[in-house]
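*Asks:* Structure provided below as structure tokens; questions to follow.
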Amino acid sequence: MNKVNTHFWPARADRAALPATPRSFLPRAKRGCWLGLLALPFLLGPGAAAEGFRNPTIGTFGLGRSGGRLAHVDDASAVQHNPANLTDLQAPELAYEQGLVYAKVEYTSPTGLTAETREPWKVLPAIFAAWPIKDTPWAVGLGVTAPFGLSTEWSETGYFRYQAPHFAELITLNVNPTVAYRLRDNLAVGAGLDVMWSQLSLEQAYPWGLVLGNPAAPDGLLEAKGDGLGVSGNVGITWEFVPGHRLAAAVRAPMDIDYSGTFRVSQVPPPLAPLIPGTSGFESTVAFPTLVHVGYGLRLSDAWRLEADVEWIEFSRFDSLPIKTGAALPGVAAEVLQDWDDTFTAGIAAGWQFHQNWNLRFGYQFFQSPVPDRTFSPNIPDADQNVITVGLSWRRGHHGLAVAYGAVLYDDRTVRNNLNPAFNGNYDITVHLISASYRYSF
């Protein structure tokens with residue numbers, strides 16, 4: 001992913017603004033490759049990313065304690081956060097989690113032109129099941145989640161019309177069967193298998209008028225859609241080295257998914273129809289990161305628990321995105337440089353059981369963006385962020401309800417010196433996180 005991408009606009013920022021018609025764009029097309037099709041088109045799932053293309057913290061418990069959710073996990077979502085803690089559960093449990101994400105991006109170019117994303121609401125459901133096996137040190141669990149994902153939609157006729165996909169989405173669905181074992185009273189381990197299906201969808205306008213030198217020619221629509229399957233695994237450990245003090249760690253191994261599907265081109269001019277098929281194959285590959293998570297948990301009393309976590313994410317695996325189609329279109333990049341950086345997160349959280357049926361959770365977490373200025377894309381509008389969360393849960397008998405909210409405070413992101421000067425400018429990102437869950441204990 002250190003490959004040089006020549007499929008970008010010329011360097012002057014004042015030339016990066018999208019013209020109102022293809023006619024005004026034509027002089028630049030003669031000076032170089034003018035189309036940044038699929039320039040960083042990688043956009044995931046039905047959610048909105050926390051950093052890079054990873055979805056926000058999964059589950060209502062996890063969101064409420066976003067900064068510290070590893071050493072003490074008191075429900076079936078331990079499958080996701082730390083499988084070793086499944087051994088802490090006292091009874092089998094089934095949980096449905098429904099997350100909602102509000103994500104909006106407002107862009108201002110260096111010359112004052114503006115654009116904003118559409119369809120700000122995203123959904124992030126999850127299902128967890130856990131079963132501590134009676135009179136044994138074993139527990140098993142299952143999680144169905146969307147761990148990675150982002151979906152962005154810009155105007156079909158707006159500023160980025162020919163520069164990047166106006167619609168880009170990548171959906172992930174991960175099935176995570178898990179087993180845990182208590183080695184000693186103060187030491188437990190867990191492991192799971194990650195089987196993740198993913199679908200990548202992209203749509204972008206294609207200016208046939210520029211290709212033919214005929215401004216009257218209508219724009220075409222490029223559509224790419226493919227899916228694939230990847231397999232990986234995860235492990236976790238929790239050690240209560242002295243009463244009330246826990247160290248925990250969890251690792252998710254990396255995964256590569258190869259996508260295959262269909263590429264469609266509309267409005268192909270009759271003279272080019274024998275050379276450019278309207279429908280052909282589409283292939284790509286995405287490298288998902290390694291995640292390493294460590295935490296220290298402190299039980300102050302029966303009512304209070306504190307935790308501090310640090311996480312490392314190997315986003316540098318995502319260094320380029322291949323774009324293989326059966327249609328040789330002028331200006332379409334065969335490989336798009338990403339060159340992402342490894343990142344870390346750090347946070348603190350607390351849980352307070354202020355009543356035998358009620359628990360209040362709150363946390364803070366810092367997320368570092370992996371996306372450098374030079375390969376930043378409007379399809380992955382990202383920045384460093386500070387997240388403040390709060391959650392409330394109720395349990396009585398077999399039933400449990402929980403809600404959580406997260407305010408995501410993004411740093412100002414002003415992009416300069418991008419490989420495509422059309423992407424330079426200021427990106428104002430607004431995100432709110434909401435989650436609710438119902439669980440039943442058997």
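The values are calculated or read from the model by the stated rules, or taken from the named source; none is laboratory data. Given the structure is predicted, the values throughout are model-derived calculations rather than measurements. As a convention, Cβ positions derive from the backbone with ideal geometry for all residues, glycine included, and neighbour counts pool all protein chains shown.
*Asks:* Could you check how many residues of segment 135-162 are touching a residue at least 60 places away in the same chain (Cβ under 8 Å) and over 22 Å from the mean Cα position of the chain (by Cα)?
*Replies:* Residues in segment 135-162 being touching a residue at least 60 places away in the same chain (Cβ under 8 Å) and over 22 Å from the mean Cα position of the chain (by Cα): 5 in total.
Results for (1) among the hydrophobic types (A, V, I, L, M, F, W, C); (2) at positive phi, shown as yes or no for each residue.
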| site | (1), (2) |
| --- | --- |
| Tyr96 | no, no |
| Glu106 | no, no |
| Thr111 | no, no |
| Glu119 | no, yes |
| Leu142 | yes, no |
| Gln163 | no, no |
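*Asks:* Check segment 377-392 and report whether any residue there is farther than 27 Å from Thr117 by Cβ and either in contact (Cβ under 8 Å) with a residue 40 or more places away in the chain or in contact with a His (Cβ under 9 Å, 6 or more places away or on another chain) (or both).
*Replies:* The first filter runs over segment 377-392 and keeps only residues farther than 27 Å from Thr117 by Cβ, leaving 391-392.
Filter again for either in contact (Cβ under 8 Å) with a residue 40 or more places away in the chain or in contact with a His (Cβ under 9 Å, 6 or more places away or on another chain) (or both), leaving 391-392.
Scanning segment 377-392, I find at least one residue that is farther than 27 Å from Thr117 by Cβ and either in contact (Cβ under 8 Å) with a residue 40 or more places away in the chain or in contact with a His (Cβ under 9 Å, 6 or more places away or on another chain) (or both), so the answer is yes.
*Asks:* State the number of residues belonging to segment 277-295 that are within 24 Å of Pro56 (Cβ to Cβ) and either crowded, with 16+ Cβ neighbours inside 10 Å or among the acidic types (Asp, Glu) (or both).
*Replies:* The qualifying residues number 9.
Yes/no per residue for (1) out of contact with any strand residue (DSSP E or B) (no Cβ under 7 Å at 6 or more places or on another chain); (2) farther than 22 Å from Ser198 by Cα; (3) of a type in the set (S, T, N, Q); (4) assigned to a loop (DSSP other than H, G, I, E, B):
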| site | (1), (2), (3), (4) |
| --- | --- |
| Arg305 | no, yes, no, no |
| Trp312 | no, yes, no, no |
| Ser316 | yes, no, yes, no |
| Leu321 | no, no, no, no |
| Thr345 | no, yes, yes, no |
| Ala350 | no, yes, no, no |
| Gln353 | no, yes, yes, no |
| Tyr364 | no, yes, no, no |
| Ser377 | yes, no, yes, yes |
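*Asks:* Among the listed residues Gly141, Gly112, which satisfies the condition of being over 22 Å from Gln365 (Cβ atoms) and either surrounded by fewer than 19 Cβ atoms within 10 Å (Cβ to Cβ) or touching a Cys at 6+ places or on another chain (Cβ under 7 Å) (or both)? Even if it seems obvious, please write down each step before you answer.
*Replies:* Details: Gly141 fails: either surrounded by fewer than 19 Cβ atoms within 10 Å (Cβ to Cβ) or touching a Cys at 6+ places or on another chain (Cβ under 7 Å) (or both).
Testing whether each residue is over 22 Å from Gln365 (Cβ atoms) and either surrounded by fewer than 19 Cβ atoms within 10 Å (Cβ to Cβ) or touching a Cys at 6+ places or on another chain (Cβ under 7 Å) (or both) leaves just Gly112.
*Asks:* Would you call Leu298 closer than 30 Å to Ala205 by Cα, surrounded by fewer than 17 Cβ atoms within 10 Å (Cβ to Cβ), of a type in the set (A, V, I, L, M, F, W, C) and touching a residue at least 24 places away in the same chain (Cβ under 8 Å)?
*Replies:* no
*Asks:* Another question, then. Only one of Thr172, Thr178, Thr152 is surrounded by 14 or more Cβ atoms within 10 Å (Cβ to Cβ), modelled with pLDDT under 95, in contact with a Leu (Cβ under 8 Å, 6 or more places away or on another chain) and over 18 Å from Ser435 (Cα atoms); which?
*Replies:* The conditions single out Thr152.
*Asks:* Then there is this: Look through Val211, Val265 and report the one residue that is surrounded by 17 or more Cβ atoms within 10 Å (Cβ to Cβ), under 21 Å from Phe167 (Cα atoms) and hydrophobic (A, V, I, L, M, F, W, C).
*Replies:* Val265
*Asks:* I would also like to ask the following. Output the residue which, of all residues in segment 186-195 that are touching a Phe, Trp or Tyr at 6+ places or on another chain (Cβ under 8 Å) and in a strand (DSSP E or B), is farthest from Glu240 (Cα to Cα).
*Replies:* By that ranking, first place goes to Gly190.
*Asks:* Enumerate the strands (runs of 3 or more DSSP E) found wholly within segment 385-442, keeping only those where 3 or more residues are under 28 Å from Tyr159 (Cβ atoms).
*Replies:* Numbers: elements: 385-396, 399-410, 413-415, 425-441.
Once the strands (runs of 3 or more DSSP E) in segment 385-442 are filtered for at least 3 residues that are under 28 Å from Tyr159 (Cβ atoms), what remains is 399-410, 413-415, 425-441.
*Asks:* Six or more apart or on different chains, Cβ atoms under 6 Å: show the pairs whose first residue is in segment 178-192 and under 18 Å from Val231 (Cα atoms) and whose second is among the hydrophobic types (A, V, I, L, M, F, W, C) and surrounded by fewer than 20 Cβ atoms within 10 Å (Cβ to Cβ).
*Replies:* Val179/Val140; Ala191/Val235
*Asks:* Determine which single condition Val73 fails, assuming it passes every other condition in (1) in contact (Cβ under 8 Å) with a residue 40 or more places away in the chain; (2) crowded, with 24+ Cβ neighbours inside 10 Å; (3) β-branched (Val, Ile, Thr).
*Replies:* Val73 satisfies every listed condition except (1).
*Asks:* Looking at (1) assigned to a strand (DSSP E or B); (2) more than 18 Å from Leu170 (Cβ to Cβ), which is the only condition Glu203 fails?
*Replies:* (2) is the only condition that Glu203 fails.
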